[in-house]
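Heads up, the thing below is written out as structure tokens.
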Amino acid sequence: ALHYLFNHPQFGQLSSTIPQETRLLNLQIKPDGIHLDLSQAFTQGGGTTSMTYRVAQVLYTATSLDPQANVYLSVEGKLLNEDNPLGGEGLILQQPLTRQQFAKEFLAQESARKR
């Protein structure tokens, strides 16, 4: 599913916020969760909203078989966290990522921004 996500930036009328050059470099399923390592292209272009949506696309795709799974997201081998934020605007991710945590933190921020 992740390879499909990265290789098909458009599905019907839906389009992805993930840059087309993004590649899945490594995927490991460990006892503590799903570990994904993506290419540097994942961090390029777009603002905070675009970065948030691309994290959501990866998170929800990676956890499609187990919605309760933890996801650890890295770029070029470096874990995305407070010391290594995502993108130029510095989106800080708390690892591990979970659907529940994402909905609580990021979706609440998005609705507050729209007010």
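Would it be correct to say that THR49 is among the polar types (S, T, N, Q), modelled with pLDDT under 90 and either over 14 Å from the mean Cα position of the chain (by Cα) or assigned to a helix (DSSP H, G or I) (or both)? Steps first, answer last, please.
Numbers: among the polar types (S, T, N, Q): yes; modelled with pLDDT under 90: yes; either over 14 Å from the mean Cα position of the chain (by Cα) or assigned to a helix (DSSP H, G or I) (or both): yes.
Yes: the conditions hold for THR49.
Mind checking which residues of the stretch 66-80 are touching a helix residue (DSSP H, G or I) at 6+ places or on another chain (Cβ under 7 Å), farther than 20 Å from GLN100 by Cα and surrounded by fewer than 18 Cβ atoms within 10 Å (Cβ to Cβ)?
Correct list: GLU76 only.
Scan the stretch 3-46 for residues that are buried (at least 16 other Cβ atoms within 10 Å of the Cβ), on the phi < 0 side of the Ramachandran plot, modelled with pLDDT of 90 or more and in contact with a strand residue (DSSP E or B) (Cβ under 8 Å, 6 or more places away or on another chain) and report the count.
10
Of all residues being in a helix (DSSP H, G or I) and farther than 21 Å from PHE6 by Cα in the stretch 81-103, which is most open to solvent (accessible area, probe 1.4 Å)? Just the residue, please.
This residue is GLN100.
When you check TYR72 against the structure, is it aromatic (Phe, Trp, Tyr), within 20 Å of ALA1 (Cβ to Cβ) and modelled with pLDDT under 95, yes or no?
Numbers: aromatic (Phe, Trp, Tyr): yes; within 20 Å of ALA1 (Cβ to Cβ): yes; modelled with pLDDT under 95: no.
Here the answer is no, as TYR72 does not meet what is asked.
The values are calculated or read from the model by the stated rules, or taken from the named source; none is laboratory data. Bear in mind the structure is a predicted one, so any value in this text is a computation, not a measurement. Glycine also receives a Cβ, built like all others from the backbone with ideal geometry; neighbour counts cover every protein chain displayed. Quick note on the areas: whole protein, heavy atoms, side chains included, nothing else; ligands and nucleic acids left out. Shrake-Rupley method; radii C 1.70, N 1.55, O 1.52, S 1.80 Å.
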